[in-house]
Amino acid sequence: MYAQMVKSTGEGVKDRDAMSPEEAAFQDKVDADIKIEPRDWMPEGYRKTLIRQIGQHAHSEIVGQLPEGNWITRAPTLERKMILLAKVQDEAGHGLYLYSAAETLGVTRDELTEALLSGKMKYSSIFNYPTLTWADIGAVGWLVDGAAIMNQVPLQRTSYGPYSRAMIRICKEESFHQRQGYDIMMKMAQGSEAQKKMAQDALNRFWYPSLMMFGPSDAESVHSAQSMAWKIKINTNDELRQKFVDQTVPQAEYLGLTVPDENLKWNEEKGGYDFSEPDWSEFFDVLKGNGPCNHDRLNDRVKAWEDGQWVRDGLLAHAEKKAARKVAAE
Ligand code: FAQ
């Protein structure tokens, strides 16, 4: 089913001359920054690309709860516990807005869930890495949410109305998430030698996986050209990665931590940092399901789905009973 939902993506960008009148009118709307709404006509490829991207985004929010949820009971203070709990709950909310946005495109939430649980649909590579120490929770907030914001702020201007509106709310909450992560890193970096070492170790392990979040290099990106023509994406993967590095390096310096990249150097001419590419073979391997936590993450989601069966059964039975009573009363 999922394959049918998204099959036609990844094709080349259509020339204007080759467009049907409907496609040309649609492209004019996109070019004029007029939002596309669920009942408007849209090319099939546009709809499928959105289902893929919004669906994967929703799954990322849901799976993204796992590495942090794992630390709620072990947060060092009551205050940290409450903050982390609120953050993880926010991620669940983001998943729900995004599933709702995807549903406006004619896919059901059950279909999307099935595609995630059967491994047909992706979620962000970053959540296949473990959170080994409390400093990792700082690094996730600072770097992972930082990268997520860098990607999502432009998506507030994406051409599809429901996605764009979901992004506006999500970005507000992500900013708080990034600040809480940086605050944890600050405490650790200013703490004892052992705490500072822990913070540095977290940065060392999360730096390159965070760079991978933006997707493969522009030369390898399958969908960027068409997605940008349709304003589903506003920037290329490499543009956002560069912006993230330029924003994050001074933050690391302020913490007194070292970015684990010997080639990192300010380039006056381009007005940004030169930096090392992540190991792309590792990225593609994680996408194939071979990252350190792929197996555990999916198993946890399958278990949560199965454990929730009685709730779904109960709700369905209640709804059926209510409908039967209504019919009897008529
Ligand atoms: N992980 O042609 P492109 C968060 C796949 S939210 C896994 O460049 P595209 C919040 C891609 O799907 C994080 N797969 O693809 C949080 C495609 O494969 P396909 C999620 C990846 O779509 C924080 C193939 O590679 N954010 O973190 C990844 O044009 C903390 C070729 O790539 C979003 O989803 C990856 N990193 O660009 C929660 C934002 N990158 O589908 C908890 C919306 C690429 O053909 C705690 N999404 N792939 O089989 C986007 O902006 C885009 O989808 C990109 C990828 C930029 C991620």
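Going through segment 247-289 one residue at a time, which ones are under 16 Å from LEU116 (Cα atoms) and open to solvent by 80 Å² or more (accessible area, probe 1.4 Å)?
Across segment 247-289, the qualifying residue is only LYS288.
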Residues being within 26 Å of the chain's Cα centre (by Cα) and open to solvent by 10 Å² or more (accessible area, probe 1.4 Å) - total across segment 184-197: 1
Hits in segment 135-178 - residues which are open to solvent by 30 Å² or more (accessible area, probe 1.4 Å), over 22 Å from ASN237 (Cα atoms) and touching a helix residue (DSSP H, G or I) at 6+ places or on another chain (Cβ under 7 Å): ARG169, GLU173
With the condition kept exactly as written, say whether any residue in segment 232-239 is in a helix (DSSP H, G or I), aliphatic (A, V, I, L, M) and touching a residue at least 24 places away in the same chain (Cβ under 8 Å). no
Return the residue satisfying two criteria in turn: it lies in segment 97-128 and is open to solvent by 20 Å² or more (accessible area, probe 1.4 Å) and within 13 Å of the ligand (Cβ to nearest atom), and of such residues it is nearest to LYS172 (Cα to Cα). TYR97
GLU61 being closer than 17 Å to ALA148 by Cβ and touching a His at 6+ places or on another chain (Cβ under 6 Å): yes
Could we say that ARG39 is more than 19 Å from ALA148 (Cβ to Cβ) and modelled with pLDDT of 95 or more here? yes
Of the conditions (1) within 17 Å of the chain's Cα centre (by Cα); (2) over 24 Å from MET188 (Cβ atoms); (3) buried (at least 18 other Cβ atoms within 10 Å of the Cβ), LYS231 clears all except one; give me its number. (1)
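The values are calculated or read from the model by the stated rules, or taken from the named source; none is laboratory data. Just so you know, these numbers come straight off a predicted model, no measurement behind them. Note that each Cβ is placed from the backbone with ideal geometry, even for glycine, and that neighbours are counted across all protein chains shown. Please note that ligands, DNA and RNA were not included when accessible areas were found on the heavy atoms of the full protein model with its side chains. Shrake-Rupley method; radii C 1.70, N 1.55, O 1.52, S 1.80 Å.
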